[in-house]
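Student: Sending over a structure as structure tokens; questions will come in a sec.
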Amino acid sequence: MANQLLSTVPHHHSLPENYIRPESQRPRLAEVISDAHIPAVDLSSPDKSHVIAQIADACRSYGVFQVLNHGVPVELMVKMMVIALEFFRLPPEEKAKHYSDDPARKMRLSTSFNIRKETVHNWRDYLRLHCYPLEDYVPEWPSNPSSFKEVVSAYSKEVRQLGFRLLGAISLSLGLEKKYMEEVLGEQEQHMAINYYPKCPQPQLTYGLPAHTDPNALTILLPDPDVSGLQVLKHGQWIAVHPQPHAFVINIGDQLQALSNGRYRSVWHRAVVNSQKERTSIASFLCPCNCAIISPPEKLVSEASPAMYRSYTYEEYYKKFWSRNLDDEHCLELFRS
């Protein structure tokens, strides 16, 4: 099955039929707004109340923002991007060792999104890793490239700490105790998707990933510094995200929408592809522990603002999410009160 990987073919001269979206589902690239302002927050600012206010506004209005001066070493970000590209350029027989289309696998190289269920595929290969606790998972990670385990481990630790800083800021922005989100989400799992989008002969007919929200709490994306492909939906209009140098793109996931009682938005986003350039991105996901009960705090519920969603465990949500197609209706709709 590893022969389904797009990255095993040096050049794709035409788009295979099973990647072509129906006319009504195509990305309409000419209609995308390319010069919109995606909020950027400088985490090194001494005015912490201003930083909190910026994050609150971004979470309400966009569900996505960029962070600058975030504390993750730039040289480690660069190494992470280099090692990701090196992995996808390995010989096909080397990559085949890691291939699986089983979503339950903790470490797997695969393609598209859920290739067992889809009728139309997405123009993406990806390496999915579980990253916490590291000692449980690193032994089964790829040993080729030789520095893969070392670089990805160091990067995972830094991103996890950044995630907790952001959860603290998000808690404060909702008028909650700083540790509220971190504690209610429990001993959080951490996953990573190293995404590779090859050059695509007809990008107007397909997606890298179609429109979706993330099922987790918070996503920290290391975008390709040279090729934009992430787009977010705002007021029915798709907006291209152009990353600032050395910035991370932060997505609010479904669980923060539920925990904020709908005050903050789990952003609809998609990845489009490029006919001239390949693109790499690294998404790190902070996920509640399976037994975490997702329910808004009393402080955010009132007669005027009743609970939007029923209480549920993250395990229940995640199973429901993976039983669907990625571009089905918002999974949170299945949990409305």
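Student: Please pick out the residue among Lys319, Lys277 that is among the charged types (D, E, K, R) and either part of a loop (DSSP other than H, G, I, E, B) or at pLDDT 95 or above (or both).
Tutor: Details: Lys319 fails: either part of a loop (DSSP other than H, G, I, E, B) or at pLDDT 95 or above (or both).
From the options Lys319, Lys277, the qualifying one is Lys277.
Student: Inside segment 276-331, can you point out the residues that are aromatic (Phe, Trp, Tyr) and under 19 Å from the mean Cα position of the chain (by Cα)? Outline the logic, then answer.
Tutor: If we filter segment 276-331 for residues that are aromatic (Phe, Trp, Tyr), which is where we start, we get 285, 309, 312, 314, 317-318, 321-322.
Answer for segment 276-331, where residues must be aromatic (Phe, Trp, Tyr) and under 19 Å from the mean Cα position of the chain (by Cα): Phe285, Tyr314, Tyr317, Tyr318, Phe321, Trp322.
Student: Please enumerate the residues belonging to segment 139-155 that are free of Cβ contacts under 8 Å to residues at least 60 places away in the same chain and open to solvent by 30 Å² or more (accessible area, probe 1.4 Å). Talk me through it step by step, then tell me what you get.
Tutor: Going residue by residue through segment 139-155, those that are free of Cβ contacts under 8 Å to residues at least 60 places away in the same chain are 139-144, 146, 149-150, 153.
Across segment 139-155, the qualifying residues are Pro139, Glu140, Ser143, Asn144, Ser146, Lys149, Glu150.
Student: Of the residues Asn195, Asn216, which is touching a residue at least 60 places away in the same chain (Cβ under 8 Å) and assigned to a strand (DSSP E or B)?
Tutor: Values: Asn216 fails: assigned to a strand (DSSP E or B).
Of Asn195, Asn216, the one residue that is touching a residue at least 60 places away in the same chain (Cβ under 8 Å) and assigned to a strand (DSSP E or B) is Asn195.
Student: Also: Which of (1) farther than 30 Å from Thr313 by Cβ; (2) assigned to a loop (DSSP other than H, G, I, E, B) does Trp238 not meet, given it meets every other one?
Tutor: (2)
Student: Between Glu183, Glu177, Glu187, which is in a helix (DSSP H, G or I), open to solvent by 20 Å² or more (accessible area, probe 1.4 Å) and of a type outside the set (Lys, Arg)?
Tutor: Working: Glu177 fails: in a helix (DSSP H, G or I); Glu187 fails: in a helix (DSSP H, G or I).
Being in a helix (DSSP H, G or I), open to solvent by 20 Å² or more (accessible area, probe 1.4 Å) and of a type outside the set (Lys, Arg) holds for just one of Glu183, Glu177, Glu187, which is Glu183.
Student: Need the failing condition index for Phe148 against (1) more than 30 Å from Ile20 (Cα to Cα); (2) aromatic (Phe, Trp, Tyr); (3) under 20 Å from the mean Cα position of the chain (by Cα), just the number.
Tutor: It fails just one condition, (3).
Student: I'd like to check something: does segment 288-298 contain any residue that is touching a Lys or Arg at 6+ places or on another chain (Cβ under 9 Å), within 26 Å of Arg124 (Cβ to Cβ) and not in a strand (DSSP E or B)?
Tutor: No - not one qualifying residue is present in segment 288-298.
The values are calculated or read from the model by the stated rules, or taken from the named source; none is laboratory data. Since we're looking at a predicted model, the values are computed, not measured. All Cβ positions, even for glycine, are placed from backbone atoms using ideal geometry, and neighbour counts span all protein chains on display. Just so you know, the surface numbers come from the protein's heavy atoms only, side chains and all, with ligands and any DNA or RNA stripped out. Shrake-Rupley method; radii C 1.70, N 1.55, O 1.52, S 1.80 Å.
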